[in-house]
Structure formats: C-alpha cells, structure tokens
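Just passing along the structure, written as structure tokens.
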Amino acid sequence: QVILVESGGGLVQAGGSLRLSCAASGGTFSRYAMAWFRQAPGKDRDFVASIDFGGTSTDYTDSAKGRFTISRDNAKNTVYLQMNSLKPEDTAIYYCTATRLYSIGTRYYPDYWGQGTQVTVSA
C-alpha cells in the first residue's frame, strides 16, 4: 500500500507560481511512475503530467506544456509539480498518483491516489 500526501496548494493571483509536492511512503518509490491529475468543480479528473520511474521522461497535457514542470527526487521519495504562469482555469484540486505499469506516451492508469491539495488562481 502506497500512501501519497500532497502539499503546496493555495491561493495565488493569475500569472503567479506554485510548487506542489507529494511525499510517498509504503513502497519502493523508484518502482512507481508518478503523475498529477486535477479536478475542477463540476468536472472530471483530468491528467496533468507524468514522469517515469527514473525521472528521465515526462509527459504533459497540452494546457500544461510550457508552464508546468514535473520532477522527482527518488532519494526523498517525493514528486513535484512546478506551476508557472497560472491561469484562473488552473483552479482545481490537484491529486498525486502512482502506478507500477506505465510507459511515457501511453495512457496513465493510477494505482494509488493522494487526498488532493486545492489550488485557486484568482483573476
């Protein structure tokens, strides 16, 4: 059982930045590909970004490309999401996820979810 705990969410003005962190425990972190999803009010949970086991390859949804950066530190069992140039439409609950089976460029199916952290971007 992998436990994921997100932090770093908050309220920020449009154009600002936030850095989300996700601390993992309960498994061998380097054996899991990681990803961030988000859920805006009244909408489905959507994929945002993923990173492979070693942190060498990443993938992003189109709206995140050029603004968000996913990274991981396997020594600290932590994955990050640096979000720059934030827009009001980025407002959502952001979830950290982990999966054992994944290849960059394919669809990501989470095995584990964190509890989420709220990101609110004001206009």
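For V2, state whether it is within 14 Å of V79 (Cβ to Cβ) and open to solvent by less than 40 Å² (accessible area, probe 1.4 Å).
Yes; evaluated as a whole, the condition is true for this residue.
Now a separate question. Take the residues in segment 18-71 that are of a type in the set (K, R) and under 15 Å from Y95 (Cα atoms); name whichever of them is least open to solvent (accessible area, probe 1.4 Å).
In this case the residue turns out to be R38.
Right, here's the next one. Do we find that V79 is closer than 15 Å to Y112 by Cα and part of a strand (DSSP E or B) in this structure?
So V79 fits the description; yes.
May I ask you to list the residues in segment 85-123 that are of a type in the set (S, T, N, Q) and within 14 Å of L18 (Cβ to Cβ)?
S85, T91, T117, Q118, T120, S122
Applying the selection to segment 5-17, what residues are open to solvent by less than 30 Å² (accessible area, probe 1.4 Å) and not acidic (D, E)?
Answer for segment 5-17, where residues must be open to solvent by less than 30 Å² (accessible area, probe 1.4 Å) and not acidic (D, E): G10, V12, G16.
Filter segment 83-123 for residues that are of a type in the set (D, E, K, R) and open to solvent by 20 Å² or more (accessible area, probe 1.4 Å); which is modelled with the lowest pLDDT?
R107
The values are calculated or read from the model by the stated rules, or taken from the named source; none is laboratory data. In this text the structure is predicted, and so the values were computed from the model without any measurement. Quick reminder, even Gly has a Cβ in these numbers, built from the backbone with ideal geometry, and neighbours come from all protein chains shown. In case anyone asks, the SASA skips ligands and DNA or RNA and just uses the protein heavy atoms, side chains included. Shrake-Rupley method; radii C 1.70, N 1.55, O 1.52, S 1.80 Å.
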